[in-house]
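Below is one structure, written out as structure tokens, with a few remarks after it.
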2 protein chains.
Amino acid sequence: MVNYNDQQLNQIFSALSDSTRRAMLLRLTDEAMSVADLSKPFKISKPAITKHLKVLEKSGLLSRTIEGRVHRCKLEPEPLAVVSEWVSFYEKFWNTRLDALNTYFTEEGKKKK
Amino acid sequence: MVNYNDQQLNQIFSALSDSTRRAMLLRLTDEAMSVADLSKPFKISKPAITKHLKVLEKSGLLSRTIEGRVHRCKLEPEPLAVVSEWVSFYEKFWNTRLDALNTYFTEEGKKKK
DNA sequence: ATTATAGTACACCTTATGGTTAACTATAAT
DNA sequence: ATTATAGTTAACCATAAGGTGTACTATAAT
């Protein structure tokens, strides 16, 4: 898989740390759409939208194709795969914790029997 | 699983968007350790370390137990499970993309045969 | 009692972030 | 040719983030 460096991870996590941007990504899972359509649910100014789009674009989470005066925005999921890969390393830690919890309750169950 | 709200996701992603903090988390996967031990690889001032620890603590990624004058820092993986859950929703999007790629190469393979 | 160590709190600085309004460019429609 | 629409750019503002040095608190060691 692609080897993203620290700075790129910074950018991706930073892009994801804003509710509006995450909502934008979610909206784009349905379908690619224009900036106007994409920004409909958000009660912020157009320049604010532009800035959010730039952040998403720079982090690689969004691409756009310009068709006339309309910018068609598309979700680019690869950085999310990178996040998934990054976080998967830690999976064992919450698993062992759940295992410990599980063992605890199993032992409790045994005692009651 | 726990239902984290938008603001908590903001905090978690924001905490993860800094190289130093991610390196701290990685260090803590080996073992829980004091602030001094934890901060050894980082060439920043002690107050800077304190700040990073606070960010990690507020996001739930780190806990500490005070033993005398030593603060023992421990990795708390639950927020990472939340990230994993959040990102898992998008898995289908990079899977379908990889599938498409796979199909493409498979078709190419057929042509060559 | 004094000194060393672990860590935080405070005040400050610089840059980044998220928002605004006003003005602009470029395409589309009348 | 004029007007409307899609979107960006520029200048500005307030607050947050990440860093610093100095001063402080609290525990441990001599």
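If R0 is 45 Å, the Cβ-Cβ spacing of A:GLU31 and B:ILE66 corresponds to a FRET efficiency of close to 0.30. Take B:THR96, push a point 7 Å out from Cα through the beta-carbon direction, and compare it with the same point in every other copy: 3.8 nm, smallest first. Sorted from nearest, the other copies put their B:SER19 label points 3.2 nm away, the label point being 7 Å from Cα in the direction of Cβ. For the listed residue pairs A:LYS58/A:LYS92; A:LYS51/A:LYS74; A:LYS74/B:LYS92; A:LYS43/B:LYS92, the alpha carbons are over 25 angstrom apart in A:LYS58/A:LYS92; A:LYS43/B:LYS92.
Ascending distances from the A:ASP6 label point to its copies in the other chains, with the point 7 Å along the Cα-to-beta-carbon line: 3.3 nm. For the range B:53-75 versus the range A:47-82, the inter-centroid distance based on Cα atoms is 37 Å.
Just so you know, all these numbers are worked out from the coordinates, no wet-lab data involved. As the structure is a prediction and not an experimental result, all values here were calculated from the model. In this analysis, Cβ positions are derived from the backbone assuming ideal geometry, glycine residues included, and neighbour counts consider all displayed protein chains.
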